[in-house]
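What follows is a single structure, written as structure tokens, with notes after it.
The values are calculated or read from the model by the stated rules, or taken from the named source; none is laboratory data. As the structure is a computational prediction, the values presented were derived from the model and not from experiment. Here the Cβ positions follow ideal geometry from the backbone for every residue, glycine too, while neighbour counts run over all protein chains shown.
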């Protein structure tokens, strides 16, 4: 990586003790790969105008610029003078306009309350990081997110050179090095009305570099909160074991996972998400060996018998699918098909009948 | 002594990329039907998971429900179309060796489905006296078990009244002018040796009979001669 490509994180936090702690952790995680800069107010010299206008100006000059990623605490009410009453949502709004990715964290996040992160997962184009289990893990995730957006930005430049008329799905497939999955990836956008505003904002950018920055942000958020979140193009450990028809506990064995190592997802954000596998690659490892499922393949390779995947509602049935609500393996027969808010590409995501009965009225 | 290279074993299954195209096709239709405000679709998803293997073949079974589709493009009246799809694919060369598509047309009112029309589209190159690609009107309905019915959102009471014909369903076939119709009648009603005899005569005679004007179809097939899918049969619409 050249000097000009170093990661630069801009931190917004208004409480000195916490700020220093986060700053130190981020700095340690970045190492020689980049640096972290505390946001410096007033550098653009604007004394009047809305928070948004002055913030956009301040983020456009050194030492706040250039920024690879903005990280902001949820509560910024302690900022004084020029930015009294600043909030993370305002920072996010300005970051979107500038085409700078942003992610939030909550200083006061309680150990027994996962709702801050979970609510973030349910919103489009929103990345929230937890300070738990420790701040070191948080910092590593933040650096992986910055690296993920940088990879997308670099890949986008190359993908646009090939053709500027590609759909978002084709662009992202090209960036991920999987052009053969373009149709499947595009299904994650199909019918997703909530992203139309973000796409309109990409088109509304005044210049080409600005358009490209916003498009890179758009693709990054889409990858983070949809394609890598729902099982379809990639699968997490539970969904992978279910799809391969291997019992969840057996699938955790190292020698078994080694059989599927080449299917591991190592694209943007891989270091910031749970371990993921390419679904098509898992399938191809099994099918090119001539086996009809992953259990048979693994048994042949490891020369020992394995347990089949188990439906969470009826252990006598093999699973195959993933209950998105209970996060457990589920069979076709004991589950309902995709909910309206599941992306169309998430064809392995189901809802177990029990979860559906309990939550049906709210889904 | 040099040993002869061992030939690679023929693949016994289909890859994910090959199977996934079935879903891609239905998703594309679903997209277009939504854009056309035609109605919705539900099917046994993902189709890529609906293959089983036996004797070097992949056996595919899927169900599709076209929910309240417009009777025709300009109509406000709706019809429900239920498809049962069965295919057999030879894994060694990925050829489709048999296909049976059963389609039922239903009118649904007060949660009761009345069968309007039922037809089979069949392709199986191994049956004597069967045209290679053909449609058959029929009276048997697609039988759905409760789980599949729920999956494809076809959970209606079924009206036991006998079927009537849905005349707006157009079935692409081969040239079915006089020599063809007679040949098909021979196939349906003659034993094999007599059918073969008539076929030989009809093939000679039809050369001298007037040929239908099919310039557009001819050009379409000449332009993409590697398939005979129904897109050729609509070339006059896009080129005319």
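Restricting attention to region A:317-334, the residues being assigned to a strand (DSSP E or B) and either at the interface with chain B (Cβ under 10 Å from one of its Cβ atoms) or touching a residue at least 24 places away in the same chain (Cβ under 8 Å) (or both) number 7.
Tell me, which helices (runs of 4 or more DSSP H) wholly within region A:170-288 include 2 or more residues that are outside the structural domain of residue A:131 (by TED's automatic domain parsing), touching a residue at least 60 places away in the same chain (Cβ under 8 Å) and over 22 Å from residue A:124 (Cβ atoms)?
On the way: elements: A:182-186, A:196-204, A:208-222, A:237-244, A:248-251, A:254-259, A:279-288.
Correct list: A:237-244, A:279-288.
Regarding region B:93-103, can at least one residue be identified that is touching a residue at least 60 places away in the same chain (Cβ under 8 Å), in contact with a helix residue (DSSP H, G or I) (Cβ under 9 Å, 6 or more places away or on another chain) and in a loop (DSSP other than H, G, I, E, B)? Yes, that holds for at least one residue. Of all residues in region B:31-56, exactly one satisfies the criterion of being under 19 Å from the mean Cα position of the chain (by Cα) and more than 12 Å from chain A (Cβ to nearest Cβ), namely B:33. No other residue among B:37, B:49, B:27 is modelled with pLDDT under 90 and surrounded by fewer than 20 Cβ atoms within 10 Å (Cβ to Cβ) apart from B:37. Testing residue B:199 on (1) part of a helix (DSSP H, G or I); (2) at pLDDT below 90, one condition comes back false. Which one is that? Here residue B:199 meets the rest and fails (2).
Please count how many residues of region A:332-345 are surrounded by 24 or more Cβ atoms within 10 Å (Cβ to Cβ) and either within 22 Å of the chain's Cα centre (by Cα) or within 14 Å of residue A:241 (Cα to Cα) (or both). Before the answer, list the steps.
Taking region A:332-345 and keeping what is surrounded by 24 or more Cβ atoms within 10 Å (Cβ to Cβ), we get A:335, A:345.
Going one step further and asking which of them are either within 22 Å of the chain's Cα centre (by Cα) or within 14 Å of residue A:241 (Cα to Cα) (or both), we end up with A:345.
The number of residues fulfilling the criteria is 1.
Among the numbered conditions (1) in contact with a helix residue (DSSP H, G or I) (Cβ under 7 Å, 6 or more places away or on another chain); (2) assigned to a loop (DSSP other than H, G, I, E, B); (3) under 30 Å from residue B:212 (Cβ atoms), the only one that residue B:155 does not meet is (3).
Taking the listed residues B:133, B:195, B:154, B:123, the one that is under 17 Å from residue B:82 (Cβ atoms), buried (at least 16 other Cβ atoms within 10 Å of the Cβ) and in contact (Cβ under 8 Å) with a residue 12 or more places away in the chain is B:154, with no other qualifying.
Of the helices (runs of 4 or more DSSP H) contained entirely in region A:26-137, those carrying at least 2 residues that are under 23 Å from residue A:153 (Cβ atoms) fall at A:51-58, A:88-98.
Filtering region A:335-354 down to residues that are more than 14 Å from every other protein chain (Cβ to nearest Cβ) and out of contact with any strand residue (DSSP E or B) (no Cβ under 6 Å at 6 or more places or on another chain), which residue is modelled with the highest pLDDT?
Taking region A:335-354 and keeping what is more than 14 Å from every other protein chain (Cβ to nearest Cβ), we get A:341, A:352, A:354.
From the residues that got through so far, the ones that are out of contact with any strand residue (DSSP E or B) (no Cβ under 6 Å at 6 or more places or on another chain) too are A:341, A:354.
On the way: A:341: 82, A:354: 91.
Ranking the candidates gives A:354 first.
Residue A:360 meets the conditions (1) within 14 Å of chain B (Cβ to nearest Cβ); (2) over 18 Å from residue A:243 (Cβ atoms); (3) in a loop (DSSP other than H, G, I, E, B); (4) free of Cβ contacts under 8 Å to residues at least 24 places away in the same chain in every case but one. The failed one is (3).
The set of residues in region A:293-316 that are in a loop (DSSP other than H, G, I, E, B), within 14 Å of chain B (Cβ to nearest Cβ) and buried (at least 18 other Cβ atoms within 10 Å of the Cβ) comprises A:293, A:309, A:311, A:313. Residues in region A:155-169 that are within 14 Å of another protein chain (Cβ to nearest Cβ) and not in a helix (DSSP H, G or I): 1 in all.
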